[in-house]
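Participant: Input: one structure, supplied below.
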Amino acid sequence: MNDEHTGNGLWSRREVLAAGSLLGALRSGAYGQERAVYLSDFSQCRPSEALSRKPQRHHWRLLDYASDKTEGVMLLAGHNTAAPEITLPLNRKGWHAIHFGLRSRYGESRLETRLDSESTFSLITHNDVVGKKQSRRDYEIRPTTFDTRTRIDDLYWKTADLTGEGLVLRQFCPQLVPENEASVGNSCLPLWLAYVKLTPLSDEEVEQLEAERRRKDTRRLYAHNDAWGYVSWLRPSTEADIRREIEPYRDTDFSRIYWEAGGGDKMFYPTKIGLPATNDWVQDPFRVRDRLAAEAFRAFREKGIDQLRVAADYTHEAGLEFHASYRVAGFHFPVPEDEWNTGGLYDRHPEWRGRNRQGQPTPRLSYAYQGVRQYVLSVFREIAAYPIDGICLLYNRRPPLVEYEEPIVKGFEEKHGEDALKLDERDPRWLKHRATYLTQFMREVRETLDDEARRQGRKRPFEVSAIVMGTERANLYYAMDLEEWIREGLVDTLIPYTSTDSLNSSQDTFVDPGAAEYFLRITRGTSCKAVASLLPRQMTPEDYRRRAHGLYQAGVENLFFWDCYQRSDYSRSWTALRRLGHREEIADWVRAGEPAIQQSGATLHKLGNWDLRYDTPG
């Protein structure tokens, strides 16, 4: 049934402040309950032939239920169901905030959904990775034991004009069995959908929403996607699957996506220079993820799909900048990934490998050698042919890029008359000298991209971003003279990956906003901006706000989120994160005493013929 609540529509100041604003409260579910409409009878879905009262493969199960908010007919699908696409008629006019009421049992409920008029699905995931201190990889492919039992949680999707719209629903079933989409071995992700909650907006709220979407000052967030993780978990095979990764950022405070084009000589697009991500030569992928990623890239190749171009085009269509990112040290990997770069530059040019203090080769290619730098620059020219706004160098993965190679050691001796091998490894003269090699590389990057921009007749040059170490000391140790890069105008955006010497991505970054002072100081009064990276990947809504507020107070203007595809799941944390550019809302929340951001939802009383007050394990 469709259960419509009525009331005076008034909300407490604390509820509004907890959500950040009236619209923020509406989006988070903190208010609007008095006028919300619950669409809770999924027997109305079409086609009716796809529905069943009994568990049946390729059919959605209908299950009667009752809760403290509404009662109706729930939609249920299990690991083996492979339920087909269906549509729920909405029969609504005007703008509404859309929430999904989800329960989880035997794994996280996941739902693919879109409006009738749209071509791209969103993937809604019900989870508690923050509370359980997990990451997205913990629930991909094989569900965990996440179980909310009697709790239904409201997950905010978006606010849209629903006039003439229906809601398309699809069970999420990644293909795990090669060459057989219909195999029962393609374990689907479960779904328990109790209701769709629609909260209508007044004319005043619609005007406020439209004004917000025109604002530029709040769009201060940058997202990163490594373009491989989601491929290895979800095994995409269509352009729509790629676009699904971009869709969560539409109408949010994000203004840039840093999408990885590749690393070393392994590329995630149809390259003519490097190695393809299809890994055709790898006969026994070690992990299921490795196999799925290779199969996905082969599917792209067979269908003529260029992941990088699709992502760039859709990012621009969604109103964001697109910056292609590149792992500068991705030429060689340890076991069991040691075959990823077979026949690549590392194999073909052992003379370009790094050397340690003892003169032994290291599992790196050194940027002290012009051949390595020229190869990377040729890759950048290839990437620059795509509709990108800039290129980002990912120095935060697998440093160092220069060590004790002969050209560096000889150059130091010629300049200082001393043997670098006899100095302390942190001797300032040695570190400063070694850094000149990466500074030269950065000069070559800027020159190459500027040349490409002129050749293409671009109105704006390509921007250069770099993700670097978290402290002055760590950057210089790894041969990055950031102050020289800035003085010479070689970098436009600097993003310290962490706020310590460590590259551990599970640590809390910038809890002390003073850790950003070095980067703010060296960029102050220049054309280069300092951007703070917020880690770990999973944080509570309150932690996101506290951390952002501290950094804004310290003078940071933009925030960066590594592996943001592990955060954009429409969870409670994502609802807070997507509005983290609203500085004034966060400041109001802090002044109000940082009230907890509550999860709205309902409590189940009855499911099928079972009274949930009886808990009988086993």
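The values are calculated or read from the model by the stated rules, or taken from the named source; none is laboratory data. Since this is a predicted model, take the numbers as computed values, not measurements. Cβ coordinates were reconstructed from backbone atoms using ideal geometry, including for glycine residues, and neighbour counts include every protein chain displayed. Protein only, heavy atoms only, side chains kept; ligands, DNA and RNA dropped before computing areas. Shrake-Rupley method; radii C 1.70, N 1.55, O 1.52, S 1.80 Å.
Participant: Is it the case that L551 is assigned to a loop (DSSP other than H, G, I, E, B), more than 22 Å from V464 (Cβ to Cβ) and not charged (D, E, K, R)?
Facilitator: no
Participant: A further question follows. Counting only residues that are charged (D, E, K, R) and within 22 Å of L198 (Cα to Cα), which one in the stretch 116-132 is most open to solvent (accessible area, probe 1.4 Å)?
Facilitator: My answer is D116.
Participant: Could you grab me the full set of residues in the stretch 280-325 that are assigned to a loop (DSSP other than H, G, I, E, B) and touching a residue at least 60 places away in the same chain (Cβ under 8 Å)?
Facilitator: Once the filter is applied, which keeps residues that are assigned to a loop (DSSP other than H, G, I, E, B) and touching a residue at least 60 places away in the same chain (Cβ under 8 Å), the stretch 280-325 yields W281, V282, I305, A318, G319, L320.
Participant: Give the residue, chosen from R446, R458, R434, R473, that is free of Cβ contacts under 8 Å to residues at least 12 places away in the same chain and basic (K, R). Explain how you work it out, then say what you get.
Facilitator: Numbers: R446 fails: free of Cβ contacts under 8 Å to residues at least 12 places away in the same chain; R434 fails: free of Cβ contacts under 8 Å to residues at least 12 places away in the same chain; R473 fails: free of Cβ contacts under 8 Å to residues at least 12 places away in the same chain.
Only one candidate passes the filter, namely R458.
Participant: I've got another one for you. List every residue pair whose Cβ atoms sit under 9 Å apart, with the two residues 6 or more apart in sequence or on different chains, where the first one lies in the stretch 265-279 and is more than 17 Å from R309 (Cα to Cα) and in a loop (DSSP other than H, G, I, E, B) and the second, anywhere, is among the hydrophobic types (A, V, I, L, M, F, W, C) and open to solvent by 20 Å² or more (accessible area, probe 1.4 Å).
Facilitator: Sorted first by the residue in the stretch 265-279, then by its partner, the pairs are D265/I273; D265/L275; N279/W340.
Participant: Now for a different question. Could you please let me know if E403 is under 17 Å from M480 (Cβ atoms) and either open to solvent by 70 Å² or more (accessible area, probe 1.4 Å) or among the aromatic types (F, W, Y) (or both)?
Facilitator: When the stated conditions are applied, E403 does not pass them.
Participant: Would a scan of the stretch 175-186 turn up a residue that is polar (S, T, N, Q), more than 27 Å from L115 (Cα to Cα) and within 25 Å of the chain's Cα centre (by Cα)?
Facilitator: Looking for residues that are polar (S, T, N, Q), more than 27 Å from L115 (Cα to Cα) and within 25 Å of the chain's Cα centre (by Cα), one finds none in the stretch 175-186, hence no.
Participant: How many residues are crowded, with 20+ Cβ neighbours inside 10 Å and either among the hydrophobic types (A, V, I, L, M, F, W, C) or without any contact (Cβ under 8 Å) to a residue 12 or more places away in the chain (or both) if we restrict to the stretch 522-537?
Facilitator: Within the stretch 522-537, residues that are crowded, with 20+ Cβ neighbours inside 10 Å and either among the hydrophobic types (A, V, I, L, M, F, W, C) or without any contact (Cβ under 8 Å) to a residue 12 or more places away in the chain (or both) number 6.
Participant: OK, next. Run C564 past the list (1) more than 22 Å from the chain's Cα centre (by Cα); (2) on the phi < 0 side of the Ramachandran plot and report the number of the one that doesn't hold.
Facilitator: Going through (1) more than 22 Å from the chain's Cα centre (by Cα); (2) on the phi < 0 side of the Ramachandran plot one by one, C564 breaks only (1).
Participant: Looking for whichever is surrounded by fewer than 15 Cβ atoms within 10 Å (Cβ to Cβ), in contact (Cβ under 8 Å) with a residue 40 or more places away in the chain, over 19 Å from L494 (Cα atoms) and polar (S, T, N, Q) here; the options are T603, T540. Which one fits? Don't jump to the end; show me each part of the working.
Facilitator: Numbers: T540 fails: surrounded by fewer than 15 Cβ atoms within 10 Å (Cβ to Cβ).
After ruling out the rest, the residue left standing is T603.
Participant: Kindly indicate the residue of the stretch 84-115 that is open to solvent by less than 10 Å² (accessible area, probe 1.4 Å) and of a type in the set (G, A, S) and also farthest from W157 (Cα to Cα) among those meeting that condition.
Facilitator: G107
Participant: If you don't mind, another one. How many of the residues making up the stretch 39-69 are closer than 25 Å to I98 by Cα, in contact with a His (Cβ under 9 Å, 6 or more places away or on another chain), open to solvent by less than 70 Å² (accessible area, probe 1.4 Å) and outside any helix (DSSP H, G or I)?
Facilitator: The number of residues fulfilling the criteria is 5.
Participant: May I pose another question? The conditions are (1) assigned to a strand (DSSP E or B); (2) surrounded by fewer than 20 Cβ atoms within 10 Å (Cβ to Cβ), and R219 fails exactly one of them. Which is it?
Facilitator: (1)
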